[in-house]
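The values are calculated or read from the model by the stated rules, or taken from the named source; none is laboratory data. Computed from a predicted structure; not experimentally measured. Ideal geometry is used to build each Cβ from the backbone, glycine not excepted, and the neighbour counts take in all protein chains shown.
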Amino acid sequence: MKMTFRWFGEGNDTIPLHYVKQIPGVEGVVWALHHMPAGEVWSVDDIAAAMKEMEQAGFHGEVVESVNVHEDIKLGLPTRDQYIANYKQTIAHLAQFGVKVICYNFMPVFDWMRTNLHEPLEDGSTALFFEYARVANNGDPMKLVEVINADPSLTMPGWEPERMQHLTAMFEAYRYVDEEQLFENARYFLQEIIPVAEQHGIRMAIHPDDPPWPVFQLPRIMTSQANIRRYLDLYDSPANALTLCSGSLGANPKNDIPAMIYQFADRIAFAHIRNVRVYENGDFIETSHRTQDGNVDITAIVEAYQAIGFTGYARPDHGRHIWDEQCRPGYGLYDRALGIMYLWGLWDAFEKKGQSTN
């Protein structure tokens, strides 16, 4: 397991890289060109500048999260071919700098959804929270946009204000796209980009939907073990890979994450490991990584990764906001560092146990 840490770039992150360097076992920075609109080509110069910054701090930049997919591709519009051509060019540019994995998603309009970015927990910390009824009962998505973008100094991926200005038009366009059509549009996308990814030694790692069910009547397809299998079968190649996110999928207690690890062992390129506490009414809140603090069996998940001999990339994903840290919601230093050490503790224990039984 290669441990990484998501970082939003100099001037766009509250955490300096020399702090991240002090977390044991972190080898790489998960990064992106967050100023680039979806559909634009990432230039060689911009990529080179980002890579230089990470490498000077002692990290590799082999994982990109995310190269966002333009809405016209998800909608299957005639204009998608130009955006796909741009995506192919970005893949080629990233390969020049040793990128091995590109994480992306195929979620309509919203990359992820929460209704409160600072919901209090019993211990005095706060965390990202999802109130099911606020979304399920035909709530107003623009009110959520205001919540997510309340602090304009820290951009929230997938909720960029320039994108959200077109929310009404995007909702109207998706009136004619159901789950089956979204799968078909994904198939078209994969048939175009996976051969390019194969050529350049890059694995395209699809991220599950967050949360794993339709929101505001928008279709979602990466929601379950069966749907993940279907997506990976759209183009049967190691380059058509998976970012297995325990927190996104874990919001639905029916999803068996360890079983997915065993089934998709050869297709998991990137692991997001985090915990959530799910309530009977469908609400959920993100918690510490400790297994007992939520409903996701982090212990069994790490055991499964150790058992399959996972050598891919992992990161602790979101964390709580603790010790009065002022940070991008979900992306502080302290709780993610604690999460990494919890994951390493489990990993080392299972590794030692395996050695003692051989």
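Remarks
- So Asp81, is it surrounded by fewer than 15 Cβ atoms within 10 Å (Cβ to Cβ) and under 27 Å from Glu172 (Cβ atoms): yes
- Selected residue (criterion: nearest to Pro238 (Cα to Cα)) from residues of region 252-294 that are out of contact with any Gly (no Cβ under 8 Å at 6 or more places or on another chain) and among the hydroxyl-bearing types (Ser, Thr, Tyr): Tyr262
- Test: Thr311 is surrounded by 17 or more Cβ atoms within 10 Å (Cβ to Cβ), of a type in the set (S, T, N, Q), at pLDDT 95 or above and farther than 27 Å from Arg134 by Cβ: no
- Residues considered: Val44, Val29, Val20. Of these, the only one that is modelled with pLDDT of 95 or more, crowded, with 16+ Cβ neighbours inside 10 Å and touching a helix residue (DSSP H, G or I) at 6+ places or on another chain (Cβ under 8 Å) is Val29.
- Hey, Ser66 under 20 Å from the mean Cα position of the chain (by Cα), under 27 Å from Pro24 (Cα atoms) and crowded, with 19+ Cβ neighbours inside 10 Å or not: yes
- Scan of region 87-112 for residues that are assigned to a loop (DSSP other than H, G, I, E, B), touching an Asp or Glu at 6+ places or on another chain (Cβ under 7 Å) and at negative phi, ordered by number: Val99, Lys100, Asn105, Met107, Trp112
- From Glu146, Glu179, residue being modelled with pLDDT under 80, out of contact with any Cys (no Cβ under 9 Å at 6 or more places or on another chain), under 24 Å from Asp283 (Cα atoms) and surrounded by fewer than 17 Cβ atoms within 10 Å (Cβ to Cβ): Glu146
The rows are residues; the columns are (1) over 19 Å from Ile206 (Cβ atoms); (2) aliphatic (A, V, I, L, M).
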position	(1), (2)
Tyr262	no, no
Ala265	no, yes
Tyr279	yes, no
Gly282	yes, no
Ile301	no, yes
Gly309	yes, no
Asp317	no, no
Pro329	yes, no
Leu338	yes, yes
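- Residues in region 183-208 that are touching a residue at least 60 places away in the same chain (Cβ under 8 Å) and touching a Phe, Trp or Tyr at 6+ places or on another chain (Cβ under 7 Å): Ala186, Ile193, Met204, Ala205, Ile206, His207.
- Residues that are within 20 Å of Met107 (Cβ to Cβ), touching a strand residue (DSSP E or B) at 6+ places or on another chain (Cβ under 9 Å) and either of a type in the set (Phe, Trp, Tyr) or assigned to a loop (DSSP other than H, G, I, E, B) (or both), drawn from region 47-86: Ser66, Val67, Asn68, Val69
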